[in-house]
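Enquirer: Below is the structure I would like to discuss, written out as structure tokens.
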Amino acid sequence: MAEKSTPLLAVLQLLRKYNLKGTEEILRKEASLGDAEYETLNLPEVEIASILTAHHTESDPYSYEFAYEGLKKFIENSLDVYKYELSTLLYPVFVHMYLLLIIYDHNEHAAKFLEKFGPEQEDYYQDDLAKLCIVKHKDQIKFNELAQIYSANKFEVQLSRDVSSQLKRFLQEQKSSTVIINIINNHIQIDVHDGPGRNQAQVRATAGGLLGEATRNENRAKVYYGLLKEPEIEVFPVPAEDEEEAEETPDKPKKKKAKKENMYMKKPKSDPNAPPIDRIPLPELKETDKIEKVKALRAKRVPLGPDCLPSICFYTLLNSGHSAICADICDDSTLLAVGFSNSIIKVWTLTPVRLRGMKSADKLQDIDKEAGDVLVRMMEERDRDTCRTLYGHSGPVYKVGFDLFKTMLLSCSEDSTIRLWSLHVWTCLVVYRGHTWPVWDVKWSPHGHYFASCGHDRSARLWATDSYQSLRLFTGHFSDVDCVQFHPNSNYIATGSSDRTVRMWDCLTGSQVRVMSGHKSTVFTLAFSVCGRWIVSGGTVGDILVWDISNGSLTAALPPSHSGPIHALAFSRNGTILSSGSLDCTIKLWDFTQITEEIVNDETGSTASTSKDEKYLLRSFATKNSPIKSLHFTRRNLLLGVGTYEGSS
């Protein structure tokens, strides 16, 4: 009874007025209307008349075409300052008019309406319309995923205050606009913003989402995008590091050591945008892990830039063109894992050091468990191989990922499970069940212990290795969540979806803190910048967008260079170069420093101008005929790529 202005209540009051008690009683029973609710009915005569007139108009099939053409003509004749924002209303009004015609059983009129106005809609909505046109009868609406999404949710449209006033004036003047008014009231959420109306480029930059644009309110939450202060762990590995540096540069060991220590003294600076170190509990590092982390931080890195591009080493998987689905290289670039469509996972060593198996149970009993090198003693000397195969999944493996210290491997599959594998015993340790449909992606936290997953059930989940149940459930996407990525400070995760939006979630609260719209196709891959402020997303049609996490705005759309879906994005270790890999068999290198510098200098917050776009692309590298599955920068900034050779084209 919160909304009294419905045709049902208006008819009831009309029956009461004309004393038609029998009909009134039957209608009350069918509507399950209580006595208390019935007594409070007191709609004004004028309102009853307008409700019943509107209902009559909605049931008239010819009124829809007439009203839509009127709205279209009004938008076309508007000034440019109003036209482009108003044009974002055409698609949602068109969709709901089509659904209303179906609901009122005007199926022939609906088909003609779709045929006449469907091709006029934006190109990025044509795939959605192809799915929607399957609905030919009102009974089919509940079985159509897209029709259900549009019926249950409001389409977001952003209009300036002036544009909103122009629209109101038009709707008040037009007698045939009742249908449009009801659609706007019930199915469209108009977000009015201050300032001038946006131009065509600005509107197109943020349009394209399944349910319109992201509103300003959704991006107001504070995000701690800074990096966590690294713990002061340099005291532990100094002797080992000294020995290693002495081997590499025997003539200058002291000079190198001093240089590295100076670098370390600067490290503990705290980032003003960083979250508190104890905001989420992070695992304590073991002694071996601390040494490994320091090695990663102290690796002698090539300073990449436009004048010093990385060398690329490409690993090609032969005889697996249609069976190898995903690949990952561990942090120290010594192991490669590949997931296959026949449900197996293979792990290769990329160095001369072979992969050792575990000793038998009888031999393990004799080992001193308290020994410092217990992990080494557990390995069988004779059992060495260049490749290990992991069996356990019962469906195609869609993603694999090494943990930071290459002791464990995560994988996800069509069988709706996530598996944690030990790289010591080469067997499955845990099976995580929570998703109810195929799991498309899984990623480790940069600090270990936590990992995130996403799948066909439109949700993402946060897990910890020591719990078989998920810690957080992130819901809000309207279609498959195709990719997930951890922020470098482990406090947030980002997700990309088939609803053509990128969203960010707070791992502490489970709440959504950013919604970013602008992609015109499914988002397949995500990558956070090294500094943590930017996130880059790649889509199905080769589009690459750069977002500013601080305010959730689209800050750059890289020029369309790829002709196929983007399946891999990777930043160089110093964050200056962005590499993208696509199914079009090319790897491209972008000058990320220049992109971000221009964005920071541009106070207006608008997207980067197209005239500058061409200089962002530094180089393009083509493989013979191998779509790119994975990209990885080594600690010394060598770029490694993985692809599957699909034969000569």
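The values are calculated or read from the model by the stated rules, or taken from the named source; none is laboratory data. Just so you know, these numbers come straight off a predicted model, no measurement behind them. So basically every Cβ, Gly included, is an ideal-geometry build from the backbone, and we count neighbours across all protein chains shown. Ligands, DNA and RNA are stripped out before the accessible areas are found, and what is left, the full protein with its side chains, is counted by its heavy atoms. Shrake-Rupley method; radii C 1.70, N 1.55, O 1.52, S 1.80 Å.
Enquirer: For a quick check of your reading of the model, give me the residue pairs whose first member lies in the stretch 60-72 and is closer than 18 Å to residue 166 by Cβ, whose second is outside any helix (DSSP H, G or I) and open to solvent by 40 Å² or more (accessible area, probe 1.4 Å), with beta-carbon atoms closer than 8 Å and at least 6 apart or on different chains.
Expert: Close Cβ pairs (under 8 Å, with a partner that is outside any helix (DSSP H, G or I) and open to solvent by 40 Å² or more (accessible area, probe 1.4 Å)) amount to 67/174; 70/174.
Enquirer: Further question: Consider residue 380 against the criteria (1) buried (at least 17 other Cβ atoms within 10 Å of the Cβ); (2) not in a loop (DSSP other than H, G, I, E, B): it satisfies all of them except one. Which criterion is unmet?
Expert: (1)
Enquirer: Would you call residue 522 under 23 Å from residue 644 (Cβ atoms) and in contact with a Pro (Cβ under 6 Å, 6 or more places away or on another chain)?
Expert: So residue 522 does not fit the description; no.
Enquirer: Please return the ranges of helices (runs of 4 or more DSSP H) entirely within the stretch 119-181 where 2 or more residues are of a type in the set (Ser, Thr, Tyr) and under 17 Å from residue 94 (Cβ atoms).
Expert: Helices (runs of 4 or more DSSP H) meeting the threshold: 145-152.
Enquirer: Just to be sure I understand, how many residues within the stretch 302-324 are of a type outside the set (Gly, Ala, Ser), touching a Phe, Trp or Tyr at 6+ places or on another chain (Cβ under 8 Å) and open to solvent by less than 50 Å² (accessible area, probe 1.4 Å)?
Expert: Within the stretch 302-324, residues that are of a type outside the set (Gly, Ala, Ser), touching a Phe, Trp or Tyr at 6+ places or on another chain (Cβ under 8 Å) and open to solvent by less than 50 Å² (accessible area, probe 1.4 Å) number 2.
Enquirer: For the stretch 340-358, enumerate the residues that are among the β-branched types (Val, Ile, Thr), in contact with a strand residue (DSSP E or B) (Cβ under 7 Å, 6 or more places away or on another chain) and surrounded by fewer than 18 Cβ atoms within 10 Å (Cβ to Cβ).
Expert: Across the stretch 340-358, the qualifying residues are 344, 349.
Enquirer: For residue 223, all conditions in the list (1) more than 27 Å from residue 510 (Cβ to Cβ); (2) modelled with pLDDT of 80 or more hold save one; what is the number of the exception?
Expert: Single failed check for residue 223: (1).
Enquirer: Restricting attention to strands (runs of 3 or more DSSP E) lying wholly within the stretch 462-579, give those where 2 or more residues are within 27 Å of residue 598 (Cα to Cα) and polar (S, T, N, Q).
Expert: Filter on the stretch 462-579 gives 553-558.
Enquirer: Let me ask another. Can you tell me which residues in the stretch 570-584 are open to solvent by 20 Å² or more (accessible area, probe 1.4 Å) and within 17 Å of residue 314 (Cβ to Cβ)?
Expert: Within the stretch 570-584, 583, 584 meet the criteria.
Enquirer: Moving on to the next point. Considering only the stretch 190-226, state which residues are outside any helix (DSSP H, G or I), farther than 25 Å from residue 80 by Cβ and open to solvent by 50 Å² or more (accessible area, probe 1.4 Å).
Expert: Answer for the stretch 190-226, where residues must be outside any helix (DSSP H, G or I), farther than 25 Å from residue 80 by Cβ and open to solvent by 50 Å² or more (accessible area, probe 1.4 Å): 220, 222, 224.
Enquirer: Return the pair list, or none, for Cβ contacts closer than 7 Å from residues in the stretch 463-478 that are in the same structural domain as residue 491 (by the TED database) and open to solvent by less than 40 Å² (accessible area, probe 1.4 Å) to residues that are of a type in the set (Lys, Arg) and in a loop (DSSP other than H, G, I, E, B), at least 6 apart or on different chains.
Expert: Close Cβ pairs satisfying both conditions: 477/458.
Enquirer: Right, here's the next one. Could you check the stretch 631-643 and list, in sequence order, the residues that are under 25 Å from the mean Cα position of the chain (by Cα) and either open to solvent by less than 10 Å² (accessible area, probe 1.4 Å) or not assigned by the TED database to the domain that holds residue 565 (or both)?
Expert: 633, 639, 640, 641, 642, 643
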